[in-house]
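Please find one structure pasted underneath; my questions will follow.
The values are calculated or read from the model by the stated rules, or taken from the named source; none is laboratory data. All values reported here derive from a predicted model rather than from experimental measurement. Glycine gets a Cβ as well: all are built from the backbone with ideal geometry, and neighbour counts include every protein chain shown. Please note that ligands, DNA and RNA were not included when accessible areas were found on the heavy atoms of the full protein model with its side chains. Shrake-Rupley method; radii C 1.70, N 1.55, O 1.52, S 1.80 Å.
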Amino acid sequence: MNTTLTYKIFTSTTELPENWNDLAVENIFLSKDYLQVLEQSGPENMTCHFIGFFKKESLVGIALSQFLDVNQLKSFGERDRCVKTSVRNFLFKNFSSHVLFIGNNMLTGQNAFYFLEEINTNEALKTLKKASDALQLIFTKKGKKVHLTSFKDFTNEEIIAFENIGFREYYKFCIQPNMVFEIKEKWLSFDDYISDLNKKYRDQYKRSRKKSEGIEKRKMHLEDIIKHEETIYELYFHVAQNAPFNTFFLAKNHFRVFKEMLKEKFLFYGYFLEEKLIGFNTLIKNGNSMDTYFLGYDETIQREKMLYLNMLYDMVAYSINKGFKEVVFARTALEIKSSIGAKPVEMYGYIKHSNSLINKKMDVIFDYLEPKTEWKERNPFK
């Protein structure tokens, strides 16, 4: 009797098994609705595949892969102009432009796969690895040889399972931490959180709120998102372009499609000054977690009005008041997120280059591919 796992690679969400969502109940980012968002409005340089794992005829696991053609980007990020950045861009263009992620490069955290509890972890990961090899072959046949293959974003506990099945030819890396804000049980409202802050950070909160006077925050519905689509994209693109490094840019219709597909699970807040949209942030309800998503703002107003910090407080306030357990703030802006109470969770992954000689030097090359960030952790509580 054959009880080993098999896999099937799907190119469209219309092909997915009917009971796919039964396995995505714990993670919205593996649900059919979210995968349709990627399908309809994913970055231009991204190709997604969806992997189903079967025991006999039964679906027992699901996974996501993303292939990125970095050559299609006009810019990797404008902020850091230095020799190291030039070397990194050269390496990417010439040796690492085709990247296959088992996981989601647009998010932080374990959004790569889910298997039913009764499935042996080692067997699951071995089959996942086989599927990644098959995907490499699919792209090679299309004339797009995969240069880098990466399994990302796992906690220290989660990555142990990979070590057990022998990822020896892969380089294990640790990247910028995921900033997670844990909501204490005793915080029944946002006021409880504020009263728990020490004087320095309570003063920071008061100062930021005072600075933001005149700005009106509005919950935006689908018709509002459509109406302001051009401005929304300009605000997003400004922030994205000034990031230290990018491997993709969102499609212009991304937020509209997200709202259409996920409805009330996707929250979009606009910030207006004298009736002009000057910033926005987005949130995704994911079970007991609130995941922060992309945002945008007018840099000149952002500085003067402490807009970004106010957005962080607003996200925390909503999540506490609505009874969520945590806010996943993801990467970037580590220090300011730390100043409101988010804690770093180290994230690990595995990466392999298709060229064995380059792969042997992966530890050196990775320093160029993943820019290091120096930051100081804060503790805002009494």
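Looking only at the stretch 230-244, how many residues end up being more than 30 Å from GLU370 (Cα to Cα) and either in contact with a helix residue (DSSP H, G or I) (Cβ under 6 Å, 6 or more places away or on another chain) or open to solvent by 70 Å² or more (accessible area, probe 1.4 Å) (or both)?
1
OK, next. Filter the stretch 156-184 down to the residues that are farther than 30 Å from ALA317 by Cα and touching a Phe, Trp or Tyr at 6+ places or on another chain (Cβ under 7 Å) and list them by number.
Scanning the stretch 156-184 gives ILE159, PHE162, PHE167, TYR170, TYR171, LYS172, PHE173, CYS174.
Among the listed residues THR127, THR121, which satisfies the condition of being of a type in the set (Val, Ile, Thr), touching a Phe, Trp or Tyr at 6+ places or on another chain (Cβ under 9 Å) and open to solvent by 60 Å² or more (accessible area, probe 1.4 Å)?
Being of a type in the set (Val, Ile, Thr), touching a Phe, Trp or Tyr at 6+ places or on another chain (Cβ under 9 Å) and open to solvent by 60 Å² or more (accessible area, probe 1.4 Å) holds for just one of THR127, THR121, which is THR121.
So which of LYS322, LYS361, LYS352 ends up being of a type in the set (Lys, Arg), closer than 30 Å to LYS129 by Cβ and without any contact (Cβ under 8 Å) to a residue 40 or more places away in the chain?
That would be LYS361, the only listed residue that is of a type in the set (Lys, Arg), closer than 30 Å to LYS129 by Cβ and without any contact (Cβ under 8 Å) to a residue 40 or more places away in the chain.
Looking for whichever is within 16 Å of ALA112 (Cα to Cα), out of contact with any Cys (no Cβ under 8 Å at 6 or more places or on another chain) and buried (at least 16 other Cβ atoms within 10 Å of the Cβ) here; the options are SER41, SER65, SER31. Which one fits?
Testing whether each residue is within 16 Å of ALA112 (Cα to Cα), out of contact with any Cys (no Cβ under 8 Å at 6 or more places or on another chain) and buried (at least 16 other Cβ atoms within 10 Å of the Cβ) leaves just SER31.
OK, next. Only residues that are at pLDDT 55 or above and part of a loop (DSSP other than H, G, I, E, B): list them for the stretch 63-105, please.
Those that are at pLDDT 55 or above and part of a loop (DSSP other than H, G, I, E, B): LEU73, LYS74, SER96, SER97, GLY103, ASN104, ASN105.
This table checks each residue for (1) polar (S, T, N, Q); (2) open to solvent by less than 20 Å² (accessible area, probe 1.4 Å); (3) modelled with pLDDT of 95 or more; (4) over 24 Å from LEU107 (Cα atoms).
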{"site": "LYS141", "(1), (2), (3), (4)": "no, no, yes, yes"}
{"site": "LYS152", "(1), (2), (3), (4)": "no, yes, no, no"}
{"site": "ILE159", "(1), (2), (3), (4)": "no, yes, no, no"}
{"site": "PHE173", "(1), (2), (3), (4)": "no, yes, no, no"}
{"site": "TYR201", "(1), (2), (3), (4)": "no, yes, yes, yes"}
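I've got another one for you. Could you tell me whether ASP192 is closer than 28 Å to ASN286 by Cβ, buried (at least 16 other Cβ atoms within 10 Å of the Cβ), more than 28 Å from the chain's Cα centre (by Cα) and not hydrophobic (A, V, I, L, M, F, W, C)?
Spelling it out, it is not the case that ASP192 is closer than 28 Å to ASN286 by Cβ, buried (at least 16 other Cβ atoms within 10 Å of the Cβ), more than 28 Å from the chain's Cα centre (by Cα) and not hydrophobic (A, V, I, L, M, F, W, C).
Does the stretch 245-262 contain any residue that is part of a helix (DSSP H, G or I), in contact with a strand residue (DSSP E or B) (Cβ under 8 Å, 6 or more places away or on another chain) and open to solvent by 20 Å² or more (accessible area, probe 1.4 Å)?
No, the stretch 245-262 contains no residue that is part of a helix (DSSP H, G or I), in contact with a strand residue (DSSP E or B) (Cβ under 8 Å, 6 or more places away or on another chain) and open to solvent by 20 Å² or more (accessible area, probe 1.4 Å).
Acidic (Asp, Glu), open to solvent by 20 Å² or more (accessible area, probe 1.4 Å) and in contact (Cβ under 8 Å) with a residue 24 or more places away in the chain, is that true of GLU213?
no
Is it the case, given these coordinates, that LEU283 is modelled with pLDDT of 95 or more, outside any loop (DSSP other than H, G, I, E, B), under 17 Å from the mean Cα position of the chain (by Cα) and more than 26 Å from HIS98 (Cα to Cα)?
yes
Of LYS337, LYS352, which residue is under 22 Å from VAL99 (Cα atoms) and charged (D, E, K, R)?
The unique qualifying residue is LYS352.
Kindly provide the set of residues from the stretch 346-370 that are open to solvent by less than 50 Å² (accessible area, probe 1.4 Å) and of a type in the set (A, V, I, L, M), ordered by number.
The answer is MET347, ILE351, ILE358, MET362, ILE365, LEU369.
Against the condition open to solvent by 70 Å² or more (accessible area, probe 1.4 Å) and not polar (S, T, N, Q), how does LYS227 come out, does it pass?
Judged against the criteria, LYS227 is a match.
Would it be correct to say that VAL60 is open to solvent by less than 60 Å² (accessible area, probe 1.4 Å), modelled with pLDDT of 95 or more and touching a Phe, Trp or Tyr at 6+ places or on another chain (Cβ under 6 Å)?
yes
Now for a different question. So, in the stretch 1-52, exactly how many residues are among the small types (Gly, Ala, Ser), outside any loop (DSSP other than H, G, I, E, B) and farther than 14 Å from MET106 by Cα?
1
On to the next question. What helices (runs of 4 or more DSSP H), lying completely within the stretch 290-382, carry at least 2 residues that are touching a Leu at 6+ places or on another chain (Cβ under 9 Å)?
Where helices (runs of 4 or more DSSP H) fall fully within the stretch 290-382 and carry at least 2 residues being touching a Leu at 6+ places or on another chain (Cβ under 9 Å), they are 299-305, 307-321, 334-339, 362-369.
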